[in-house]
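The values are calculated or read from the model by the stated rules, or taken from the named source; none is laboratory data. No experiment lies behind these values; they were computed from the predicted model shown. Cβ: placed from backbone, ideal geometry, glycine included. Neighbour counts: every protein chain shown.
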Amino acid sequence: MTVTSVEKDFDTLSLHLVADFAAPVERVWQLWEDPRQLERWWGPPTYPATFEAHDLTPGAEVTYFMTSPEGEKYRGWWQITSANPPKSLEFIDGFADADGAKNPDMPLTTTRMELAEHDGGTRMELHSTFDSREQMDQLVAMGMAEGIQQAVGQIDAILAG
Amino acid sequence: MVVHELTDEAVDGLFHALADSTRRNILHRCVQGESSVSRLADAYPMSFAAVQKHVAVLERVGLITKERRGREQLVRTVPDAVLRARQALDELEQAWRGRVDAMADLLAHVPTDDTPMEGTNP
């Protein structure tokens with residue numbers, strides 16, 4: 001198992017994940033530092049990511065888009081808040097509009113990533129937090145709630161028809 | 001940024017849970033306020049055990065919770081805020097699990113700068 005532990009805190013809306021890799025710290029850092037490698041793991045397999053701007057220095061911005069199976073593009077960005085290669089990286093992750101402008105109404109997550117030598121390999125610790133409950137609610141509202149409502153609506157329509 | 005995709009399993013579970021008019025009715029009652037399995041059993045022309053089974057299906061997909069208080073089993077819908085926090089963090093967890101798996105695959109298969117490409121992508 002690569003992921004060794006996951007803790008979720010519903011009060012602080014945060015996720016803490018620990019993963020162990022059989023590779024040196026510098027090699028794991030490359031997966032973040034090299035945009036061509038980053039885009040091979042950031043998006044889900046059905047929504048591959050393409051990074052357009054990529055600079056992991058504090059204050060810099062990373063921009064990317066993910067492409068849906070239907071060819072629709074969803075844009076996102078990172079704002080790098082702290083970086084200490086090859087040991088740690090902290091960034092805010094958000095959504096952007098179709099024209100690339102940051103969408104202030106969409107949820108933000110802050111993620112801190114740390115790499116350390118562990119048992120001859122690398123331990124990666126991730127701490128990810130939703131910036132506000134309102135934003136998190138919105139994220140869920142457009143995902144799950146919509147799915148449930150659609151499902152219920154479809155069932156009702158089938159039963160009524 | 002996390003893309004929302006309900007797993008097939010989750011969709012199947014929800015559809016199954018909501019595809020029954022008694023279960024939808026139970027859900028409507030619980031949205032209006034707390035109830036109990038015995039009170040629900042009184043409301044439907046079916047056995048206590050049958051109602052209990054319907055409640056168990058709704059509980060399994062996370063739409064309601066059941067809590068024993070004395071001789072009664074109280075049934076209530078999961079509060080929105082809890083449901084949402086759980087859902088958002090579950091989605092974030094699934095996203096990161098997928099990413100970590102992809103990272104591990106890359107580390108296993110992609111040659112590093114100092115090893116030559118062999119063109120043997122799996």
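One residue alone among A:Asp105, A:Asp93 is within 13 Å of chain B (Cβ to nearest Cβ) and in contact (Cβ under 8 Å) with a residue 12 or more places away in the chain, and that residue is A:Asp93.
Note on region A:93-135: residues that are surrounded by 15 or more Cβ atoms within 10 Å (Cβ to Cβ), farther than 16 Å from A:Pro24 by Cα and of a type in the set (A, V, I, L, M, F, W, C) amount to 6.
Does A:Gly43 satisfy the condition of being more than 20 Å from A:Leu17 (Cα to Cα) and assigned by TED's automatic domain parsing to the domain that holds A:Ser14?
Details: more than 20 Å from A:Leu17 (Cα to Cα): no; assigned by TED's automatic domain parsing to the domain that holds A:Ser14: yes.
The answer is no for A:Gly43.
The residues listed here are A:Asp20, A:Asp34, A:Asp55; of these, the one that is free of Cβ contacts under 8 Å to residues at least 12 places away in the same chain and either under 25 Å from A:Lys102 (Cβ atoms) or in contact with a strand residue (DSSP E or B) (Cβ under 7 Å, 6 or more places away or on another chain) (or both) is A:Asp34. Just so you know, in region B:44-63 the residues that are of a type in the set (A, V, I, L, M) and modelled with pLDDT under 85 include one that is farthest from B:Arg29 (Cα to Cα), and it is B:Val61. Given the conditions (1) closer than 24 Å to B:Arg23 by Cα; (2) at pLDDT 85 or above, which single one is not true for A:Val140? It fails just one condition, (2). Considering B:Leu27, B:Leu58, B:Leu40, the condition of being farther than 26 Å from A:Phe10 by Cβ and either in contact with a Lys or Arg (Cβ under 6 Å, 6 or more places away or on another chain) or surrounded by 15 or more Cβ atoms within 10 Å (Cβ to Cβ) (or both) is satisfied by B:Leu40 alone. Within region A:62-86, the set of residues being away from chain B (no Cβ under 12 Å) and at pLDDT 95 or above comprises A:Gln79, A:Ile80, A:Thr81, A:Ser82, A:Ala83, A:Asn84, A:Pro85, A:Pro86.
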